Amino acid sequence: MPLVWTLVVVIGVVTFALRLSGILVLGSREMPPLLERALRYVPAAVLAAIVVPAIIHGGPDQGFHAGNSRLFAGLLAAVVAWTTRSVLATLGVGMGSLWLLDWLID
């Protein structure tokens, strides 16, 4: 067990050192405009990388088929997001339609 905690501490220190080195090396320099523009899309790309597999796969008994309520709720939420550009409307419609579809299917 002490080996596990030693590894956790070492990995934490290495992670902190890597992040700090990036801040120390790049913190005083000005970022190129192309890199700055590209970094604006990172949060959306990370969110999509987390959400899309969860919607398409849906869980152990789900998958890409007609009974996947997450897929249909996600598509409906995507349409609402595209048309309204409102986070609250997207969350409300997405969750509401997911709950309704889960209630209707089960």
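The values are calculated or read from the model by the stated rules, or taken from the named source; none is laboratory data. Everything numeric in this text was worked out from a predicted model, so none of it was measured. Cβ sites come from the backbone with ideal geometry, for glycine too, and all protein chains shown count toward neighbours. Surface accessibility is based on the protein's heavy atoms, side chains included, excluding ligands, DNA and RNA. Shrake-Rupley method; radii C 1.70, N 1.55, O 1.52, S 1.80 Å.
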### Task
Rank these residues by their accessible area, most exposed first, probe 1.4 Å: 31, 1.
1, 31
### Task
Mind checking the per residue accessible area of the chain for me, 1.4 Å probe, whole number of Å²?
83
### Message
With a cap of 11 neighbouring Cβ atoms within 10 Å, and only residues DSSP puts in a loop, list the trypsin sites (Lys or Arg not before Pro) found in region 1-43.
### Response
29, 40
### Query
Given the rule -39500 (n - 2.57) for each run of at least 4 DSSP H residues, summed and divided by the residues of the chain, what is its mean residue ellipticity at 222 nm, to the nearest 500 deg cm²/dmol?
-26000 deg cm²/dmol
#### Entry: the chain, accessible surface, carbon-and-sulfur percent (1.4 angstrom probe)
76
### Message
Projecting each Cα onto the charge dipole of the chain (Lys/Arg +1, Asp/Glu -1 at the beta carbon, about the Cα centre), which of 49, 78, 33 comes out farthest on the positive side?
### Response
33
### Task
With Rg and Dmax of the Cα atoms in Å in mind, check (1) 14.7, 49; (2) 13.3, 45; (3) 20.7, 57 and report the label derived from this structure.
(3)
### Query
Which FRET efficiency, nearest 0.05, do residue 28 and residue 72 yield, Cβ-Cβ r, R0 41 Å?
0.25
### Query
So how strong a dipole does the chain carry about its Cα centre when Lys and Arg Cβ are +1 and Asp and Glu Cβ are -1, to the nearest 20 debye?
400
